[in-house]
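FYI, it's all coordinate maths here, none of it is from the lab. The structure presented is a predicted model; accordingly, all values stated were derived computationally and were not measured. Here the Cβ is made from the backbone with ideal geometry for all residues, glycine too, and neighbour counts use every protein chain on show.
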Number of protein chains: 2
Amino acid sequence: MTRRLRVAIPLFPKLTALDAIGPYEVLAQVPAFDITFVGHARGEVRDGNGMLGLVVDGRFEDLPSPDVIIFPGGDTRLLQSDVRVLDWVRGAHASTTWTTSVCAGSLVLGAAGLLDGLTATTHWARYADLAACGATPVPERVVEHLDRRIITAAGVSAGIDMALRLTELLEDRTAAQAAQLLIEYDPQPPFDCGIRPKATDEVMDRVREYDAPRR
Amino acid sequence: MTRRLRVAIPLFPKLTALDAIGPYEVLAQVPAFDITFVGHARGEVRDGNGMLGLVVDGRFEDLPSPDVIIFPGGDTRLLQSDVRVLDWVRGAHASTTWTTSVCAGSLVLGAAGLLDGLTATTHWARYADLAACGATPVPERVVEHLDRRIITAAGVSAGIDMALRLTELLEDRTAAQAAQLLIEYDPQPPFDCGIRPKATDEVMDRVREYDAPRR
């Protein structure tokens, strides 16, 4: 039996849970992938909505050289100046097969210096923050730099699409299609309002109303 | 300020995490929704892949009358004969605005007697199990019975689509569209293999290979 690929998914206070769990559920379908949720300390962290606890199973230092990193987003402000986190990302990236992010997770990759001069993506509301990290934001759902081993995904749910592509790259297309079928990923959104250009003024007013308490 | 709507999402050992977290992340965008993860006891439960711990914040009995139930799937076999769980579901359903499920969560609603004589959906591999619960399985992504206050969603990722519709029903269409934009739900699957009729023999062989260890 070949060695299982080690996937590290960081969890941290105020993360966006679906950023982490969407890609996790895709990759977890493939027995060859051994996934560990890592963080500052073992135990519970609360997500950005405050209503969900997720469990960190290993410290960053317990997985110094994973094959894959999937960095989720959320409130990443503290992480972007957290030397421990940034050192781990840089050190791990030296030997990863793929270093990836979802949503504002790209701001952490950027703060670690991994996106200098590269195109990258993030949540639609965070393009300016991404640019401030030295990357060139592009409004695409998944941005791949195969030569640099870096993939960034757009906001929250984009991590599911990214993880399917990542599964194809790590294993093969059949594996990715099997994962897609196992999670029955045949999206049928009841509305067509998932990107900024499609949102009416009324929707944007509501977005600002809902989002304001967290900023 | 109007009373916040209380949403209960059960967590249990061997659940499928995305069944719960997909709808959670949609509903959590709306400040009017107060979401609690409930279970047999407070503390950590491990998901069906064994690689993720999620935290139960309240016992079933702590939330006897939520406004909304979202029952996720996974390995629901023990739950389907768990008197404590079934009594809670029946008791809570008496006064919910909506009782809903994702994936094999419908088998628990069925075991509680809520789906007798109704059309309903579940994961594509579980139609026979759903029929055994007294429901009539239909291969649709979301099945609504507005008169019975019951909505069932298909496998895993279908919970995201269901939760957007649920948000429209509970709040209004603008709320659902705002949630869709906030989670940037503009799906772009790299393959078109999310439902059983689209899978090739090669993909089905892989699905059986991946799924076998869990059965």
Seminar exercise, completed: Charge tally for neighbours of residue A:153 with beta carbon under 13 Å away, counting Lys, Arg as +1 and Asp, Glu as -1, is -3
For this session: Return the ratio Rg/(2.2 N^0.38 Å) for segment A:134-215, where Rg is computed over Cα atoms only.
Result: 1.37
Exercise. What nm distance separates the two modelled labels at residue A:192 and residue B:95, each placed 7 Å from Cα along Cα→Cβ?
Worked result: 4.3 nm
Exercise. After finding the eigenvalues of the alpha carbon gyration tensor for segment A:55-97, what semi-axes result from the square roots of 5 times each, listed largest first in whole Å?
Worked result: 17, 12, 11
Seminar exercise, completed: Rounded to a whole number, the mean other protein chain Cβ count within 10 angstrom for residues of A:19-31 is 6
Exercise. Over segment A:5-189, with a single point scatterer placed on each C-alpha, what log10 of the ratio I(q)/I(0) does the Debye formula yield at q = 0.16, 0.19 1/Å?
Worked result: -0.91, -1.33
Problem set entry | Euclidean distance of C-alpha centroids, segment A:50-102 and segment A:127-151, integer Å | 17 Å
Exercise. With no solvent and one point on each alpha carbon, what is the Debye value of log10 I(q)/I(0) for segment A:23-63 at q = 0.28 Å⁻¹?
Worked result: -0.95
Exercise. Using unit Cβ charges (K, R positive; D, E negative) and no other charged atoms, how large, in debye to the nearest 20, is the dipole of segment A:1-98 about its Cα centre?
Worked result: 140 debye
Seminar exercise, completed: Pseudo-spin-label distance residue B:172 to residue A:62, built 7 Å along Cα→Cβ, given in nm, is 4.8 nm
For this session: In nm, give the distance between the simple-model label positions of residue A:116 and residue B:204, each being 7 Å from the Cα along the Cα-to-Cβ direction.
Result: 5.3 nm
Exercise. For chain B, modelled as a GNM with alpha-carbon contacts under 10 angstrom, which of B:189, B:31, B:139 fluctuates the most?
Worked result: B:189
Exercise. Hey, got the dipole for segment B:5-188? About the Cα centre, +1 on K and R Cβ, -1 on D and E Cβ, debye to the nearest 20?
Worked result: 420 debye
For this session: Work out Dmax and Rg for segment A:68-157 from the C-alpha atoms and quote the Rg first, both in angstrom.
Result: 11.3, 31
Exercise. If you add up the charges near residue A:132, with Lys and Arg at +1 and Asp and Glu at -1, over every other residue whose beta carbon is less than 13 angstrom from its beta carbon, what do you get?
Worked result: 0
Problem set entry | Hits among aspartates and glutamates - C-alpha to C-alpha of residue B:198 under 13 Å, sequence gap 8 or more where chains match | A:184, A:186
Problem set entry | Convex hull projection area averaged over all views, segment B:16-92, Cα basis, nm² | 5.1 nm²
Problem set entry | Electrostatic dipole magnitude of the protein assembly as shown [Cβ: Lys, Arg +1; Asp, Glu -1; Cα centre; debye, to 20] | 620 debye
Problem set entry | Segments B:70-76, B:203-209 sorted - mean Cβ within 10 Å per residue, highest first | B:70-76, B:203-209
Exercise. Equivalent-ellipsoid semi-axes (√(5λ), Cα gyration tensor) for the protein assembly as shown, whole Å, largest first?
Worked result: 32, 24, 20
